[in-house]
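Asks: One structure, as structure tokens, below. Some questions next.
The values are calculated or read from the model by the stated rules, or taken from the named source; none is laboratory data. Please read all numbers here as calculations on a predicted model, not as lab measurements. Counting neighbours? That spans all protein chains shown, and the Cβs are built from the backbone with ideal geometry, glycine included.
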Amino acid sequence: MSTPPSDYPVQFSVEYSDRHLNRLTTFFRIFMVIPIAIVLGAVAGQSSQWTSNGSTTTVVAGAGGLLFLGPLLMILFRKKYPRWWFDWNLNLLRFSNRVGAYLALMDDRYPSTDEEQHVHLEIAYPDARQDLNRWLPLVKWLLAIPHYVVLIFLWIGAVVAVIIAWFAILFTGRYPRGLFDYVEGVIRWGNRVTAYAFLLTTDQYPPFRLRP
């Protein structure tokens, strides 16, 4: 019996593949993901640093990544969350989730930069005046500390699950459904914490659960 979806304003799912996955691309997945990971890094923003003759030089490249400070200030002073900022954050998070799901072997279709494909992430656009507390964005990152602690252990488990799934796909061509659901649940949990603490799109505290 399937669990009905909750009313939490962040929903995430990955379509489970009923076909046999490609063993060759699964075997070389860590190398296959490099080109799209570079694209994601360029869009999300990255910095490099080196030291020469006692001085440190930092070079920053990319488009800026997820917007945090701007929405925080707008909510704090204007009770507004600009729609195009929300759309940028949502689509960048969707892109990173597609890359993450591919790296986690959840599908063998190469991640698209713009198409939804098999990875679905929906975040409700907030009415800042009605739905968001003006002052809460200042402390959300602090309130989410219990989730960070739990997620550390969940992500360790997810890495182990992906390694086991890697062997399973090589031998059987299938991703064990139990492992798939667990990895999907961990990514879902992480997305909800991200939306709450850093995207600032909801004041509803993330649930402590893997299921929808």
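Asks: Quick check: is even one residue across segment 88-97 among the small types (Gly, Ala, Ser) and at pLDDT below 95?
Replies: no
Asks: Right, here's the next one. Which condition number in (1) modelled with pLDDT of 95 or more; (2) under 28 Å from residue 38 (Cβ atoms) is the one that residue 114 fails?
Replies: (1)
Asks: If you don't mind, there's one more thing I want to ask. Suppose we keep only residues that are under 11 Å from the mean Cα position of the chain (by Cα) and of a type outside the set (Val, Ile, Thr) within segment 180-202. Which one would you say is farthest from residue 138 (Cα to Cα)?
Replies: Pass one, segment 180-202, residues under 11 Å from the mean Cα position of the chain (by Cα): 184, 186-195.
Cutting the leftovers down to of a type outside the set (Val, Ile, Thr) gives us 184, 188-192, 195.
Values: 184: 29, 188: 24, 189: 21, 190: 20, 191: 19, 192: 18, 195: 14 Å.
For segment 180-202, the residue satisfying everything is 184.
Asks: Is there a residue being within 18 Å of residue 68 (Cβ to Cβ) and out of contact with any Phe, Trp or Tyr (no Cβ under 6 Å at 6 or more places or on another chain) anywhere in segment 107-115?
Replies: no
Asks: Under 8 Å by Cβ, and 6 or more places apart or on different chains, what pairs join a residue from segment 149-167 that is over 15 Å from residue 185 (Cα atoms) and of a type in the set (A, V, I, L, M) with one that is at pLDDT 95 or above and assigned to a helix (DSSP H, G or I)?
Replies: 164/179; 165/179; 165/180; 165/183
Asks: If you don't mind, there's one more thing I want to ask. Taking the condition modelled with pLDDT under 95 and among the charged types (D, E, K, R), does residue 129 pass? Break it down into steps so the answer makes sense when it comes.
Replies: Details: modelled with pLDDT under 95: yes; among the charged types (D, E, K, R): yes.
It is true that residue 129 is modelled with pLDDT under 95 and among the charged types (D, E, K, R).
Asks: List the pairs whose first member sits in segment 12-34 and is touching a residue at least 24 places away in the same chain (Cβ under 8 Å) and part of a strand (DSSP E or B), whose second member is buried (at least 16 other Cβ atoms within 10 Å of the Cβ) and of a type in the set (D, E, K, R), and whose Cβ atoms are under 8 Å apart, counting only residues at least 6 apart or on separate chains?
Replies: Sorted first by the residue in segment 12-34, then by its partner, the pairs are 12/184; 12/188; 12/192; 13/184; 13/188; 14/107; 14/184.
Asks: Among the helices (runs of 4 or more DSSP H) confined wholly to segment 92-203, which include 2 or more residues that are of a type in the set (Asp, Glu)?
Replies: Where helices (runs of 4 or more DSSP H) fall fully within segment 92-203 and carry at least 2 residues being of a type in the set (Asp, Glu), they are 177-194.
Asks: Scan segment 179-212 residue by residue and report those that are among the hydroxyl-bearing types (Ser, Thr, Tyr) and touching a Gly at 6+ places or on another chain (Cβ under 8 Å).
Replies: Correct list: 182 only.
Asks: Go through segment 116-141 and count every residue that is in contact with a strand residue (DSSP E or B) (Cβ under 7 Å, 6 or more places away or on another chain) and among the basic types (Lys, Arg).
Replies: 0
Asks: Which members of segment 79-92 meet the condition of being surrounded by fewer than 21 Cβ atoms within 10 Å (Cβ to Cβ) and out of contact with any Lys or Arg (no Cβ under 9 Å at 6 or more places or on another chain)? Break it down into steps so the answer makes sense when it comes.
Replies: From segment 79-92, those surrounded by fewer than 21 Cβ atoms within 10 Å (Cβ to Cβ) are 79-80, 82-88, 90-92; that's our starting set.
Residues satisfying the conditions are 82, 83, 84, 85, 86, 87, 88, 90, 91, 92.
Asks: Taking the condition loosely packed, with under 13 Cβ neighbours inside 10 Å and not in a loop (DSSP other than H, G, I, E, B), does residue 208 pass?
Replies: No.
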